[in-house]
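Have a look at the structure below before the remarks.
The values are calculated or read from the model by the stated rules, or taken from the named source; none is laboratory data. From a predicted model like this one, the values you see are computed outputs, not experimental measurements. Here Cβ is always computed from backbone atoms with ideal geometry, including for glycine, and neighbour counts include all displayed protein chains. What goes into the accessible areas is simple: the full protein's heavy atoms, side chains included, and nothing from ligands, DNA or RNA. Shrake-Rupley method; radii C 1.70, N 1.55, O 1.52, S 1.80 Å.
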Amino acid sequence: EPEVTQTPSHQVTQMGQEVILRCVPISNHLYFYWYRQILGQKVEFLVSFYNNEISEKSEIFDDQFSVERPDGSNFTLKIRSTKLEDSAMYFCASSDISGGYTFGSGTRLTVV
Amino acid sequence: SQQGEEDPQALSIQEGENATMNCSYKTSINNLQWYRQNSGRGLVHLILIRSNEREKHSGRLRVTLDTSKKSSSLLITASRAADTASYFCATDKGQGFSFIFGKGTRLLVKP
């Protein structure tokens, strides 16, 4: 069964450093998403991406965040200057036109 | 306002029993999805139900949707210890493709 692949599975970074979280969505999907889940809290929407541009973003997705689809397969989330409160599980997802998501297994980001 | 809130927050049952979890939401939706998450792991998509559907089945899972009451339920029949996980409903906002997740129901199935 097709999968969404996320790397790395765990990233530890110093506060203020930039991190890039990587995702390989399902190949025939057209819509891509990032969500995050702070430990013990809800899964929160960050951003959706379609046709090489952001289609929707939440209040969490401020100027320190950016997304990119640098080639035909990867979808990345960049956090420019990490803060302690950015520590969370970050989930990538992709969907086709039917709307059903497939999530990756997540990247656990720890900011120290 | 909160969109997609599960009830109960926690549920403990014996293996073999049925488990029912409910989800309520506030605004009109196009789709509602149910997900499972094992502790510290990724989200596994269970079922998507559209606003014009009333019931869907997948194996031991049955999802119902009542748009007049803005609620959905997830029934797991003949539960197994391996069903122990958190279960989330996620609703769209009637437009766009983003989904809003509830806080989840923590299900414990005792062997």
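Out of all DSSP beta bridges in segment B:5-110, what portion is antiparallel? Express it as a percent rounded to 5.
90
Take the Cβ-Cβ distance between A:Ile60 and B:Gln9 as r, set R0 to 25 Å, and report the resulting FRET efficiency rounded to the nearest 0.05.
0.60
Just to compare against my own numbers: the Cα pair-distance distribution for chain B, 10 Å bins, whole % per bin, please.
The calculated distribution, bin by bin, is 16, 50, 29, 5, 0.
Rank these residues by their accessible area, most exposed first, probe 1.4 Å: A:His29, B:His57, A:His10, B:His45.
Working: A:His29 20, B:His57 120, A:His10 100, B:His45 65 Å².
Most to least solvent-accessible, the answer reads B:His57, A:His10, B:His45, A:His29.
Accessible area per residue for chain B in Å², computed with a 1.4 Å probe and the full protein assembly in place, what is it?
Solvent-accessible surface per residue comes out at 49 Å².
Between A:Ile38 and A:Arg80, what is the FRET efficiency for a Förster distance of 22 Å, r being their Cβ-Cβ separation, to the nearest 0.05?
0.70
Towards the positive end of the charge dipole of the protein assembly as shown, with charges on Cβ (+1 Lys, Arg; -1 Asp, Glu), say which of B:Asn30, A:Gln17, B:Gly59 has the farthest Cα.
B:Gly59
To the nearest Å, what is the center-to-center distance of segment A:1-57 and segment B:1-53, using C-alpha atoms only?
Between the Cα centre of segment A:1-57 and that of segment B:1-53, the gap is 22 Å.
So what does B:Arg50 come to for accessible area, using a 1.4 Å probe and Å² rounded to 10?
Only protein atoms counted, so the area is about 80 Å².
Loop by DSSP (not H, G, I, E, B), at most 16 other beta-carbon atoms within 10 Å: where is the longest site-free stretch of chain B for GluC sites (Glu not before Pro)?
The longest such stretch corresponds to B:54-111.
Projected onto the charge dipole of chain A (+1 at Lys/Arg Cβ, -1 at Asp/Glu Cβ, origin at the Cα centre), which of A:Thr107, A:Val4, A:Phe49 gives the Cα projection farthest towards the positive end?
After comparing all options, I get A:Thr107.
Which order do you get for A:Met15, B:Met21 if you rank them by accessible area with a 1.4 Å probe, largest at the top?
A:Met15, B:Met21
What share of the DSSP beta bridges in the protein assembly as shown is antiparallel, in percent to the nearest 5?
Roughly 90 percent of the beta bridges in the protein assembly as shown run antiparallel, per DSSP.
Charges on Cβ only, +1 for Lys and Arg, -1 for Asp and Glu, centred on the Cα centroid of segment B:5-110; of B:His45, B:Ser68, B:Leu107, which one is farthest towards the dipole's positive end?
B:His45
Return, in residue-number order, each cysteine of the protein assembly as shown whose C-beta is not under 4.7 Å from any other cysteine's C-beta.
None - each cysteine has a disulfide-compatible partner (Cβ-Cβ under 4.7 Å) in the protein assembly as shown.
I need the phi-derived Karplus couplings for segment A:69-83: 6.51 cos²θ - 1.76 cosθ + 1.60, θ = phi - 60°, integer Hz, Gly and Pro marked x.
Those phi angles translate into 10, x, 8, x, 10, 8, 9, 10, 10, 10, 10, 6, 9, 5, 10 Hz.
Please list, by residue number, everything in segment A:5-22 whose backbone N is under 19 Å from a paramagnetic label point 7 Å out along Cα→Cβ of A:Arg69.
What the label zone holds, given the 19 Å backbone N cut-off, is A:5-7, A:21-22.
Would you kindly state the longest site-free stretch of chain A, with sites defined as GluC sites (Glu not before Pro) in a DSSP loop (not H, G, I, E, B) surrounded by at most 11 other Cβ atoms within 10 Å?
Counting only loop sites that pass the neighbour cut-off, the longest clear stretch is A:60-112.
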